[in-house]
Every structure is written in C-alpha cells, then in structure tokens.
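What follows is one structure encoded as structure tokens, with my remarks underneath.
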Protein chains: 2
Amino acid sequence: MPSKLFVSAQEVAERAGVSRSAVSRTFTPGASVSADTRRRVLEAAEALGYHVNHLARGLMRNESGIVCLIVSDVATPYRSALLRELTIQLQNAGKVAMFVNTDRSDGSVDRALQQAIRYRADASIILSGLPDKSITQLCLRSGQRLVLINRDDDQPGPLKINLDDYESGGRIATAFVRAGCKTLAFANSEAGTPSLMGRERGFIAAATKLGLEVVVERYGSTGYEAGRVLAQRMLTRAERPDGVFCATDLLACGFMDAARHQFGLSIPDQLCVAGFDDIEQASWSSFNLTTFAQPVMAIATQAVKWLATGGNEDEPEEAHSVRLKAELIWRGSIRKG
Amino acid sequence: MPSKLFVSAQEVAERAGVSRSAVSRTFTPGASVSADTRRRVLEAAEALGYHVNHLARGLMRNESGIVCLIVSDVATPYRSALLRELTIQLQNAGKVAMFVNTDRSDGSVDRALQQAIRYRADASIILSGLPDKSITQLCLRSGQRLVLINRDDDQPGPLKINLDDYESGGRIATAFVRAGCKTLAFANSEAGTPSLMGRERGFIAAATKLGLEVVVERYGSTGYEAGRVLAQRMLTRAERPDGVFCATDLLACGFMDAARHQFGLSIPDQLCVAGFDDIEQASWSSFNLTTFAQPVMAIATQAVKWLATGGNEDEPEEAHSVRLKAELIWRGSIRKG
DNA sequence: GTCGCGCTTGCAAGCGCGTGCAAAGCGAAC
DNA sequence: GTTCGCTTTGCACGCGCTTGCAAGCGCGAC
C-alpha cells in the first residue's frame, strides 16, 4: 500500500491560485478556460508533476479509455503480430490496452471478460476462445463493445471480423493443380476452430471439383511440433502426397523441416507446401513459404474504428460483421505452373 | 459515451435488503460479514451481474492493481515470450497488465510512464528503452515501483534484473576454441544496448585470453535481416571466420540462412554459430542452434515477487539488483570438441 | 436481571475528478 | 451610464467505492 503521494488537482489549483474546476477544465479538451488561467495551471502542473487520474476521470465520465485484449498463446508469431498492430492503433486512438492471457481451460475467457468489466473497459477484443453467451450479454448490456476476431460466433451484438478462409482454401487448391500436383493433402490441427475448418473445407471442395481427392490429417495444436508429427504421418503413406496445404505457417514450418531433414525431400521439386498467416519466418530463406497473409493491419483498423465510432445500437446486424481477404503471397514452396 | 448501465453496489444492496457497506465488505477479503448476509449479497450480485468497480476501488485504496508493461518490438520471439510469462505471473498474483508499446523515438518511454501514472499503476516494468531520470523520480515519489529488465541503468530505486552477459560471452568463446575454430567473429547489431555490448566484450576478452582475435561487425537491428547482411559482410572477408557468436538468435538465424543458402557453407562442419535468447526457432531442425537461454520464467518471477513484497524503501540498494544466469543450450551448430 | 464482550451492521466521510448552474467579469452597442 | 450578450469562474454535487466509528445485537457469566 503506497502512501498517497500522487499529486492531485487540488494541489495544482492551490499553487496556481485558481479553483480546482479550472484545473479540471484545463485538462478537458473543449472546456472553457482563458489562455491566462490555462497557462498558470499548466505551469503549476508541470512543476508539481501532476497527471490527471484516469481512474477518477473514468468514474465520472463512465468511460475508462481502457480496451481489454483477450488472447491465448501470445508468444506465437501470428498472435504477437496482431497484438502489436492492435496496441499501436489503440494507442493512436487514445485508448490504452489491458491485457488478459487465457489458457485453454473452460471459463478462461469468461474470467477475462469479468476482469474487463471490473475495470470498466470501454471494449474487449477477443482473439482466442469464445465467451459464454450470458457473459457476452452482460458486457453488451453494460455498454461494453465487443470484437471477435476470427471467432465466427453467431450472437448478435459484437463486431465480428473474419477472413475468406473457405475461398483461400480454394485458391490454393488451384495453385497446387497448376503446379502439377497429383496427390493433395491438408494438414490441420485438432483445435477445430472455424477459421481452420473453413480452410479445410474450402480446400477439399475445390480439389474435389478439380477431380482430386484430399487426404486430411489432424493432430495437436497449430504449432511447429504438430507440423512435424503430421509430416511423419503423411509422408509415410503408401500414396505420398505431393501438395500439402498446412492450416498455419507454423505447421508448415514443422512439416517442411521434417520433410527435408527426415525424409530428404526437396521442396518444391518433390513436394509443394503452402501455409497460412504469413508469419515472419515464412519469408526466411530456410522456408521461403508460399502462404496467405493475414491482413493484420486491416483487422486492427476495423476493430479500432468500430470502437471509435461508438457503433449505433440500431444499425442492421450485417454491419456488425466484416469479411477481409487474405492475400496470397507467392514464394518458392510451390512450383510455378 | 455508454449510458451508465453497469450495476452498482447500491442496487445490489437494495435487492439484498442490506446496506451498501455490507456489499462492499462482502467483496473485501478479510472484512467482517456474517455468513447469512454474505450469501444474500452474493445471490443478489449474481442475479444482477454485479462486478466491483476496480476504478473506484483503486481510487479509495490508492492501489489500482494495474501493472504497466512498457515494451517495443512486441512481435519479436524473445519479447513476446517474456511478455507471456510476465502477464501470466502477474495474473496469478492478482494484478492486471496494462500494455504500452514504445517505438524507438525519443521520449517514447517517458510518455509510456506518464500513461502508467495517469492510470495510477502500482508498478511499471520496462523491457525496452530507458526513461528520463526526472520521470523515474516522479514515479518513485508517487509510490510506483519500477522494474528494469536488461536495462542496466544506474539510478537508485528501481529493481534491476540483468543477466551474466559478459560471462556468457566468455563461455561461448571457450566452446568455439574447443571445437577447433581458428577465426572468431562477433555479429552484433548497432543498437548498442548494455546486454548486447556485455556479450561482445565478454566474448572478445575471453577469446583474447585464449590467444585468438575477434572480428566484430555491427549492423542494423537485432533481427533476421541484419543477420543476413552481417553474414554477407563477414563471410566475404579474406580470412573467413569459422566461429561466429551472434548477439541474438534472430541474428543467428539470418546469419545461418545466408551462410548456407548463399555461401553454401555447411554448419557446423565449415562454420560454427551460436546465438543468444533461445527463441523457439532456435530449436527448429533448420537451425538447431546452440544458444543461451534467457531465464524468462525466473525474470518474471523476480519481477512479480518484487511487486508483491512491496519492497522496503530502506533496504540496501544492492537488494534492488538481481543477476541471473543464462543457461547454455547445447545443440548442433557447434562441433563437439 | 445486568453487565460486558465480540461480532455485525449502518452511517457518513472522503478518494480525485467532471460538470450544471449561477454569479461574475468584460466589452460593445446604444 | 445602462443594457445586453458572451466568456470565464467557482461552488457544490455526485460518480462507486472503502473504512473508521459507534450503535446494535446476541449471549454467556455473574
């Protein structure tokens, strides 16, 4: 318990020889203060090291300026990239990011949202997991905005930002066929989130339409290790696939490493690989991975814009949903058709 | 401006038929409430969806529960790993993490600290950059704890957590010599932070003592691309180094990729490489990098412990400084001696 | 029956701030 | 000099909460 030593508006007022209201108004954009008063207040504030107490301000204004970011696996390249973009844009919008880490345990997201409520966050952005419907309702009733990124929930109210996962799956299938691949495969994790499943379904559908079957394997998380295991499973099959779409770049990295170092395969000559996310490592020359770029910046922009505009309650539900396009980044892990 | 719809203690009190104080006490650990009252309050709170307003609580208690994390380059593997560990441990300690992104611009860290002050953060943890002395003082005067990680500042007051960078440099020099390396080099960035320079100096000192000279190059940031450039510069020298210590793993990854794919060198046969940080990618089979592990967990533990114990003002200044050991992780990028 | 003790409970003050309201100040217009 | 209109200023209240204080209550001991 720190002794209360933060300097308050009262002290500034006394030093500047004005009323406390004058101090308050000086730090409230748009309030009516004469140039002279403002100057004296600012001088006193500077000298004393005064900074407006946003806790108290939030109490009055009923608007804390806090936005809660709810996310698991922060240390993952894609997640941390998105996080970075979000925090930067939030800062530029005058908000401050509060950060809650979730694990995969039940109710973890719910607890995170309760934390957001306790701090009266203006909004919460959910990058992982799905909250319980009741708590979502509580948030919305409390006037808290909600953004779901790649979550694909059907509750009305939150802003939902999604990608064209299904179509991307289709696009890459075509690319594999053009490259002359005969045996396609999809390497997925067991997570089974809507985005991952969308890619899978789109890939299978397009391949089928093109007259090719797709082998699907699902294992573990969306990380590097799972990619290695998937490679072991797939590359030992009687009919070895020669075109593999991995649900994420990390899976692809693990897959490629195993394919090359354990199976001695050459990419893209003997095996074509594609990923999804366009994490930094995808561009490293060890991988040189053809992949889909998550429009991280656009996602963040959309999310922050929604918070800023204060999105009307009465606008049509369609307005609460945004679909962005994942851009295909062509590198060297698929043969040129 | 959300209409005030958060439910307050008052409403809970009315519904439960008790006074507002009773509600407050129910949610204050250690306060005196009868089992019966507590039960009725909890029921009412549950029904109404009440959550204590931590903004108001912070105002009274003069303790917000907020800890501010100040960091640049969040999307970098090492940073995000540390961040992850910190947020998890903070959460377990009942704190909540507030997140401020800094760029490399002047005063960026100072602005971040001001943000921390505005929200009356109980503490700030600085992972990047260095604050101005005046603002550090202001923080301390205001009763805010400060933690500097790998920052090596000499101001008294903050807790300083550092590694044995110098000694690590020495250890790896020995390893190179044992592996039979004849021409050593140190690949550094231009950042020139104390930790990077410590590794450099320790490496040079040990190598010199062992009778070897060290070529030093510094370029760019601590990232992959800089590693590539450094490889280009170093591997085209007349006397090509055969043992290279890279200041960070990312540099090492870039260096290795260039060495293999551009110069056709085989690692560790023709070239030994070591890094620092032990980021996840270091363990990938494409790199299989011998490196030093940052004791991320221990760093976080130390930082959080310091916040919890409320560190006495009057304890000796030495207690404000912690030195941790980086563990050498032996993989395959250095020949066995 | 009375007293005293310990646990509960309500009252009220106050944390630092924003803001409506009315009084004050000031200059221009007549 | 008076009036009008606009800007600036201070007062006082309230945001939702914690907490010291004193009153209330139940109960066993005498």
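The values are calculated or read from the model by the stated rules, or taken from the named source; none is laboratory data. Source: prediction; values computed, not measured. With ideal geometry, Cβ positions are generated from the backbone for all residues, glycine too; neighbour counts draw on all protein chains shown. With ligands, DNA and RNA removed, areas are computed over all heavy atoms of the protein, side chains included. Shrake-Rupley method; radii C 1.70, N 1.55, O 1.52, S 1.80 Å.
Observations on the model:
- For region B:115-137, the set of residues classified as free of Cβ contacts under 8 Å to residues at least 24 places away in the same chain and in contact with a helix residue (DSSP H, G or I) (Cβ under 7 Å, 6 or more places away or on another chain) consists of B:Arg118, B:Leu130, B:Pro131, listed by residue number.
- Of the residues in region B:207-226, at least one is in contact with a helix residue (DSSP H, G or I) (Cβ under 8 Å, 6 or more places away or on another chain), open to solvent by 10 Å² or more (accessible area, probe 1.4 Å), in contact (Cβ under 8 Å) with a residue 24 or more places away in the chain and at positive phi.
- Summed over region A:93-110, residues that are open to solvent by less than 30 Å² (accessible area, probe 1.4 Å) and within 11 Å of chain B (Cβ to nearest Cβ) total 8.
- In region A:149-166, the residues that are more than 26 Å from A:Leu328 (Cα to Cα) and either touching a residue at least 40 places away in the same chain (Cβ under 8 Å) or not assigned by TED's automatic domain parsing to the domain that holds A:Pro131 (or both): A:Pro156, A:Gly157, A:Pro158
- Index of the failed condition, A:Glu11 passing every other in (1) crowded, with 18+ Cβ neighbours inside 10 Å; (2) within 14 Å of chain B (Cβ to nearest Cβ); (3) of a type in the set (D, E, K, R): (1)
- Yes/no for B:Glu46 being surrounded by fewer than 19 Cβ atoms within 10 Å (Cβ to Cβ) and either more than 10 Å from every other protein chain (Cβ to nearest Cβ) or of a type outside the set (Asp, Glu) (or both): yes
- Within region A:245-289, being within 13 Å of chain B (Cβ to nearest Cβ) and β-branched (Val, Ile, Thr) holds for A:Ile267, A:Ile279.
- Single residue of B:Ser189, B:Ser128 found to be within 25 Å of B:Gly220 (Cβ to Cβ), open to solvent by less than 10 Å² (accessible area, probe 1.4 Å), in the same structural domain as B:Ser221 (by TED's automatic domain parsing) and hydroxyl-bearing (Ser, Thr, Tyr): B:Ser189
- Residue check: A:Arg57 meets all listed conditions (1) facing chain B (nearest Cβ under 7 Å); (2) outside any loop (DSSP other than H, G, I, E, B); (3) free of Cβ contacts under 8 Å to residues at least 60 places away in the same chain; (4) not aliphatic (A, V, I, L, M) but one, namely (1).
- Test for B:Ala298: is it within 13 Å of chain A (Cβ to nearest Cβ) and either part of a loop (DSSP other than H, G, I, E, B) or surrounded by fewer than 24 Cβ atoms within 10 Å (Cβ to Cβ) (or both): no
- Residue match in region A:258-277 (condition: among the hydrophobic types (A, V, I, L, M, F, W, C), under 18 Å from A:Ala187 (Cβ atoms), at pLDDT 95 or above and open to solvent by 40 Å² or more (accessible area, probe 1.4 Å)): yes
- A:Thr309 satisfies every condition listed in (1) at pLDDT 95 or above; (2) open to solvent by 10 Å² or more (accessible area, probe 1.4 Å); (3) among the polar types (S, T, N, Q) except (1).
- Scope region A:66-79; condition within 16 Å of DNA strand C (Cβ to nearest atom) and either modelled with pLDDT under 95 or at the interface with another protein chain (Cβ under 7 Å from one of its Cβ atoms) (or both); matching residues: none
- Taking first residues from region A:35-51 that are of a type in the set (Val, Ile, Thr) and partners that are open to solvent by 80 Å² or more (accessible area, probe 1.4 Å) and near DNA strand D (Cβ under 9 Å from one of its atoms), no Cβ contact under 8 Å between residues at least 6 apart in sequence or on separate chains turns up.
- A single entry from B:Leu90, B:Leu113, B:Leu82 fulfils the requirement of being open to solvent by less than 10 Å² (accessible area, probe 1.4 Å), at pLDDT below 95 and more than 8 Å from chain A (Cβ to nearest Cβ): B:Leu113.
- Among (1) near DNA strand C (Cβ under 9 Å from one of its atoms); (2) within 37 Å of the chain's Cα centre (by Cα), the one test that B:Pro29 misses: (1)
- Counted residues, region B:1-52 - those being part of a helix (DSSP H, G or I), closer than 24 Å to A:Asn62 by Cα and more than 9 Å from DNA strand D (Cβ to nearest atom): 7
- The residue pairs whose first member lies in region A:21-33 and is closer than 17 Å to A:Asn53 by Cβ and more than 14 Å from chain B (Cβ to nearest Cβ), whose second member is more than 11 Å from DNA strand D (Cβ to nearest atom) and among the aliphatic types (A, V, I, L, M), and whose beta carbons are closer than 6 Å, counting only pairs six or more residues apart or on different chains, are A:Val23/A:Val12.
- On inspection, B:Arg233 qualifies as at pLDDT 95 or above, closer than 24 Å to B:Asp73 by Cβ and more than 14 Å from every other protein chain (Cβ to nearest Cβ).
- Residue in region A:84-99 that is more than 30 Å from A:Gly223 (Cβ to Cβ) and either in a strand (DSSP E or B) or within 11 Å of DNA strand C (Cβ to nearest atom) (or both) present: yes
- The numbered conditions (1) at pLDDT below 90; (2) more than 25 Å from B:Asp122 (Cα to Cα) are all true for B:Val18 except (1).
- Criterion: more than 41 Å from the chain's Cα centre (by Cα) and near DNA strand C (Cβ under 8 Å from one of its atoms) - qualifying residue of B:Arg20, B:Arg40: B:Arg20
- On the stretch given as region B:142-164, residues that are touching a Phe, Trp or Tyr at 6+ places or on another chain (Cβ under 9 Å) and open to solvent by 10 Å² or more (accessible area, probe 1.4 Å) total 2.
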